[in-house]
Amino acid sequence: MVLLRRPMAALLTLTLLGGPPGGVSPLALAQETTPAPALAPSTPAQTTPAQTTPAPDAAPANTPEAAPADTAGSENASLELVRRGEKDGKERRIKIVRTGTSDDTGIFATCGPQDGDPENAPNLAVFSETTQSGIQITIDKNVIRVPLAVVTQQQPREGQDGSDGRVEASAGTAKFLDAAPEGATDRLSKCGIEATAKPAPDTVFVTQGKTQLKGQKLLYDETDGIARIDGPITFNRPNQSDPLSGTSEKIEVDVDQEKTTLVGNVVLNSGGGRVSKAARVEYDDTRNVARLIGTPGQPAQSVKGGDTLSAGMILYDLDRNEVYAVKPEGGTITGEFQDGESAAPAPATSTPAPTTPPGSTSPP
């Protein structure tokens, strides 16, 4: 058994590396203090919790306020999954971090391959934190905060630094067991760890720029490189004069394409009265723009007052809550206006709306 619990230190950074013959993965620890001794594969894990100073009282992790910044003297346990794009070969990283000072509010532990596992069996890591800071997962432009994350990391291929894997995150708790349950068959139980996921609405917090989104469960898998956050999804984007809010069925983050998409019956409501709907919305707060994408049977639509705009794709200016229709090749743009006149379908030779909303410095 190989089990690592978080030792007390000013800073702890964990990277899971490839294992030697025999199926036991060594763990490299970098600390500001004296490095911890290497764990021998045959040495059983200690079950006595480390003595720590309790952290100050904090709001539960499912409160909507932003997580506080790291403070001096806090502990930091982190792990990175490394994904290399199949098409461009670009390296992209998914980072999982636990910051905390007390084992009373959460744990960090890793569990290496066990006797009988294949030599290249993956490593497992458990992160939990019940305080407001939670576990922070960074995927592309999104910073995700959640109470519990279980990470599977594959062994690196020869000559590679880091490897990809799987992340399952939601509300829930984790704890160390006094001993492995008799007859345990799953890896975590064999390592004396219990992780209990309790998915619930509004417990997975996603921050992208000014936008705050909430869902109930995150699953990232290396097989397709997409992180999916189950809904119902709710979101809001503050604005002094015209805030934006909305809903969707789920969120998809394509790591390879560096793209975040709201999926399924997406509705955007601006404080000024604009209501926009689409099957999918590609959302990029860093560029202040969203692409509302319709289907052949249900085009994207934006309505304000008596004005209605329908098109295969609509560009949405997130700062101004204004819309710009994009005419797909062979498609049409239609509109109804407050004076009662309807716009005829745009002819195929008409000039499409600009693809860059006013105020943008580059195409979205």
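A few points about this structure:
- Proximal charge balance of residue 293 [Cβ under 9 Å; K/R count +1, D/E count -1]: +1
- Ranked by how many other Cβ atoms sit within 10 Å of their own Cβ, fewest first, the residues 309, 148 fall in the order 309, 148.
- Shown for 80, 182: other C-beta atoms within 10 Å of each C-beta, ranked fewest to most, produce the order 182, 80.
- Taking each residue as 0.36 nm, the span from residue 275 to residue 175 lengthens on full extension beyond its C-alpha to C-alpha distance by 31.5 nm.
- Counting only Cβ charges, +1 for Lys and Arg and -1 for Asp and Glu, the dipole size of the range 225-343 around its Cα centre is about 180 debye.
- Residues 103, 202 in ascending order of nearby Cβ atoms (within 10 Å, fewest first): 202, 103.
- Gyration tensor verdict on the range 225-343 (Cα atoms; rounded if a/c is under 1.5, prolate if a/b is larger than b/c, oblate otherwise): oblate
All of the numbers you see were taken from the coordinates with simple rules; none came from a lab. None of the values given here were measured: they were computed from a predicted structure. A quick note on method: Cβ atoms are made from the backbone with ideal geometry, for glycine too, and the neighbour counts reach across all protein chains shown.
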